[in-house]
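Asker: Got a structure for you, written out below as structure tokens; questions coming shortly.
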Amino acid sequence: MDNATPHEPNASDKASGDRRRISRKGLLKAAIVASAAPLLAGGGVALARDAAPSGGGALLAPTPQCDDGDDTTPPQMEGPYFKPNSPRRTSLVTPGTPGVPLTVSGYVFGRACRPISGALLDFWQADTNGSYDMAQYAFRGHQFTGADGSFSLTTIVPGLYPGRTRHIHVKAQAPGGRILTTQLYFPGEPRNNTDALFDPELLMNVRSVGNGRQGTFDFVLDVAQTPGPTDPPTDPPTDPPTDPPGSTWTPGTSYSAGDRVTYGGVAYRCRQAHRSLTGWEPPNVPALWERG
């Protein structure tokens, strides 16, 4: 599988038209929120990698960072349980499947933070007892990202087996590109500290929702992309304004690229036009604000 494109997407893989495709990773997700994206049970917006893990604690690092196209999702070993030619499906469960329900969703981006349409994602994992099905294709399946680079997987929380923490295997491939083989991990697992393969950069953001869990993760593939004309510059202007910032940052305000504000006594410059919301304070959203 690592040497060829194993599947071809078709029109049935296109995402529903209610999601907006834009060019930068952070603002893409911000736009989805602004256009009434579904909320998680109990409140909170389903933004991949942008919220604290269940149980509180510090914000997860937005891993991998995509603002400058420098860092791609880290690879990991395939392991002994991969099987080629998995069925094409977005759900690995049936109504009677035992285990804790889990959905994993997010986006696939290239190095310029633009979404990749039609990217292949091939998932495989252990069942609730920690066993892999090598005879058939239980808990195995592939899908393709929509036009906005999004994906969603319905499965269960994988069980534990000796020597490993909880994880989900995945191969990700842009159309015609090289395959990234990696693994996704769950925050707060005791075995994360003893699993030699565990990489904190591959932690999903996971929340408990009802009797199940919801995880989010964004993949960044090593695919060169040309930033679009609406992308913000990566360098500050050659002649930055010398006037003091115009106002204090306020939620519910429409800001344009280049607007300057203060927040917490620090000056910031707007990188992309947007309407501010509580939680989007400048130090929390580097895709929208930069210091200076």
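The values are calculated or read from the model by the stated rules, or taken from the named source; none is laboratory data. No experiment lies behind these values; they were computed from the predicted model shown. Neighbour counts run over all protein chains shown; Cβ positions are idealised from the backbone, glycine included. Surface accessibility is based on the protein's heavy atoms, side chains included, excluding ligands, DNA and RNA. Shrake-Rupley method; radii C 1.70, N 1.55, O 1.52, S 1.80 Å.
Asker: Going by Cα centres, the stretch 157-229 and the stretch 102-147 are how many Å apart?
Answerer: Taking the Cα centre of each part, the stretch 157-229 and the stretch 102-147 sit 10 Å apart.
Asker: Now for a different question. Each residue of the stretch 144-161 in order: what ³J(HN,Hα) in whole Hz does its phi give by Karplus 6.51 cos²θ - 1.76 cosθ + 1.60, θ = phi - 60°, with x for Gly and Pro?
Answerer: Rounded to whole hertz, the list is 10, 5, x, 4, 8, x, 8, 9, 8, 10, 9, 7, 10, 5, x, x, 9, 9.
Asker: Ok, one more. Given a 1.4 Å probe and every protein chain left where it sits, what share in percent of the accessible area of the stretch 126-226 is carbon and sulfur?
Answerer: Working: 1890 of 3870 Å².
Taking all protein chains in place, the stretch 126-226 shows 49 percent carbon and sulfur surface.
Asker: Which order do the peptides 150-161, 192-203, 261-272 come out in when sorted by mean C-beta neighbours inside 10 angstrom, highest first?
Answerer: Numbers: 150-161: 19.5, 192-203: 14.7, 261-272: 17.3.
Order by mean packing, descending: 150-161, 261-272, 192-203.
Asker: Work out, step by step, the length gained on full extension between E281 and D133: first 0.36 nm times the residue separation, then minus their alpha carbon distance; give nm to one decimal.
Answerer: On the way: separation 148, 0.36 × 148 = 53.28 nm, distance 4.65 nm.
Using 0.36 nm per residue and subtracting the Cα-Cα distance, I get 48.6 nm.
Asker: Okay, next question. Given H placed on each backbone N at 1.01 Å, which residues far from L277 in sequence or on other chains put an amide H within less than 5 Å of it?
Answerer: It is G252, by chain and number.
Asker: Continuing with this model, one more query. Per residue of the stretch 169-182, in order, report the coupling 6.51 cos²θ - 1.76 cosθ + 1.60 (Karplus, θ = phi - 60°) as ³J(HN,Hα) in whole Hz, putting x for Gly and Pro.
Answerer: These are the phi-based 3J(HN,Hα) values: 7, 7, 10, 10, 8, 5, x, x, x, 6, 8, 9, 9, 8 Hz.
Asker: Same structure, new question: Need one number: the % of Cα-Cα pairs in the stretch 83-125 sitting beyond the 12 Å mark.
Answerer: Looking at the stretch 83-125, the distances longer than 12 Å represent 72 percent of pairs.
Asker: Amide H neighbours of I156 under 5 Å, counting only residues 5+ apart in sequence or on other chains, H built in-plane at 1.01 Å?
Answerer: Sorted by chain and number, the residues that satisfy this are L102.
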